[in-house]
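J.: My structure is below; once you've seen it, I'll send some questions.
The values are calculated or read from the model by the stated rules, or taken from the named source; none is laboratory data. Just so it is clear, the model here is predicted, and its values are computed rather than measured. Note that each Cβ is placed from the backbone with ideal geometry, even for glycine, and that neighbours are counted across all protein chains shown.
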Amino acid sequence: MVFTVLIFSLLSWRSYALEMQINNNTSANNSDFFPQYQKTTTSINGFKVLLAIASTHEQKVKGLSGLEKLDENEGMLFLFNEPSKQGFWMNEMNFPIDIIWLDSKGNVSHIEKSLQPCKPFIACPVYNPQVDTLYVIELKSGFSNDHSIENGMIINFSLAR
């Protein structure tokens, strides 16, 4: 009996580990994640992330607001026409996120971690970088710490032209 339970436990753990590996490798192709947006995939410190691209004014204003959850391998990439100190806020967000600002070469210039959604009837702070940036990535809260994101590192991604 103990032997059977032990075998079952080992098989269950192996199945769980395999599922986690498959999710990290394939859920980045999740067609349910912002189906109306163009997407790109990037590897951040070896971790594959699917980024929905916010390129229109409407997409940038909406951002991740209204979304119920964000998986670790999902995020949003905001594209701007020229470098500036783009401000972001957490209005109508349902969960905390990390925000990473990148310069025109993909260098991380500023990071805000574990930003909490705005509370109703309380002023909603705006988060800005200290320097001009061209791209912004929003990721699940804790991603920056979990994947050792630091100022100065490079995050590469390709954009269809």
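J.: For the range 45-52, does any single residue satisfy the condition of being modelled with pLDDT under 95 and surrounded by 10 or more Cβ atoms within 10 Å (Cβ to Cβ)? It would help to see each step written out before you state the result.
T.: Taking the range 45-52 and keeping what is modelled with pLDDT under 95, we get 45-46.
This time we only want the ones that are surrounded by 10 or more Cβ atoms within 10 Å (Cβ to Cβ), so: 45.
Looking through the range 45-52, at least one residue is modelled with pLDDT under 95 and surrounded by 10 or more Cβ atoms within 10 Å (Cβ to Cβ).
J.: What are the pairs, 6+ residues apart or on separate chains, where a residue within the range 109-129 that is within 14 Å of SER65 (Cβ to Cβ) has its Cβ under 8 Å from a residue that is of a type in the set (A, V, I, L, M, F, W, C) and part of a strand (DSSP E or B)?
T.: Pairs found: LEU115/ILE97; LEU115/ILE99; CYS118/TRP89; CYS124/TRP89.
J.: Take the range 42-94 and flag every residue that is in contact with a Lys or Arg (Cβ under 6 Å, 6 or more places away or on another chain) and under 22 Å from LYS119 (Cα atoms).
T.: Passing the criteria: only LEU70.
J.: Any residue in the range 141-159 that is touching a Pro at 6+ places or on another chain (Cβ under 6 Å) and either at pLDDT below 95 or under 26 Å from SER43 (Cβ atoms) (or both)? Break it down into steps so the answer makes sense when it comes.
T.: Applying the first criterion (touching a Pro at 6+ places or on another chain (Cβ under 6 Å)) to the range 141-159 yields 141.
Those left that are additionally either at pLDDT below 95 or under 26 Å from SER43 (Cβ atoms) (or both): 141.
For the range 141-159, residues touching a Pro at 6+ places or on another chain (Cβ under 6 Å) and either at pLDDT below 95 or under 26 Å from SER43 (Cβ atoms) (or both): present.
J.: Kindly establish whether PHE88 is touching a residue at least 60 places away in the same chain (Cβ under 8 Å) and under 24 Å from PRO35 (Cβ atoms).
T.: For PHE88, the condition - touching a residue at least 60 places away in the same chain (Cβ under 8 Å) and under 24 Å from PRO35 (Cβ atoms) - is not met.
J.: Report yes if PHE143 is in contact (Cβ under 8 Å) with a residue 24 or more places away in the chain and surrounded by fewer than 18 Cβ atoms within 10 Å (Cβ to Cβ), otherwise no. Before the answer, list the steps.
T.: On the way: in contact (Cβ under 8 Å) with a residue 24 or more places away in the chain: yes; surrounded by fewer than 18 Cβ atoms within 10 Å (Cβ to Cβ): no.
It is false that PHE143 is in contact (Cβ under 8 Å) with a residue 24 or more places away in the chain and surrounded by fewer than 18 Cβ atoms within 10 Å (Cβ to Cβ).
J.: Would you mind stating whether CYS124 is part of a loop (DSSP other than H, G, I, E, B), out of contact with any Gly (no Cβ under 6 Å at 6 or more places or on another chain), of a type in the set (A, V, I, L, M, F, W, C) and loosely packed, with under 15 Cβ neighbours inside 10 Å? Reasoning before the result, please.
T.: Working: part of a loop (DSSP other than H, G, I, E, B): yes; out of contact with any Gly (no Cβ under 6 Å at 6 or more places or on another chain): yes; of a type in the set (A, V, I, L, M, F, W, C): yes; loosely packed, with under 15 Cβ neighbours inside 10 Å: yes.
For CYS124, the condition - part of a loop (DSSP other than H, G, I, E, B), out of contact with any Gly (no Cβ under 6 Å at 6 or more places or on another chain), of a type in the set (A, V, I, L, M, F, W, C) and loosely packed, with under 15 Cβ neighbours inside 10 Å - is met.
J.: Right, next: Are any residues in the range 56-78 loosely packed, with under 15 Cβ neighbours inside 10 Å and not basic (Lys, Arg), and if so, which ones?
T.: Once the filter is applied, which keeps residues that are loosely packed, with under 15 Cβ neighbours inside 10 Å and not basic (Lys, Arg), the range 56-78 yields THR56, HIS57, GLU58, VAL61, SER65, GLY66, GLU68.
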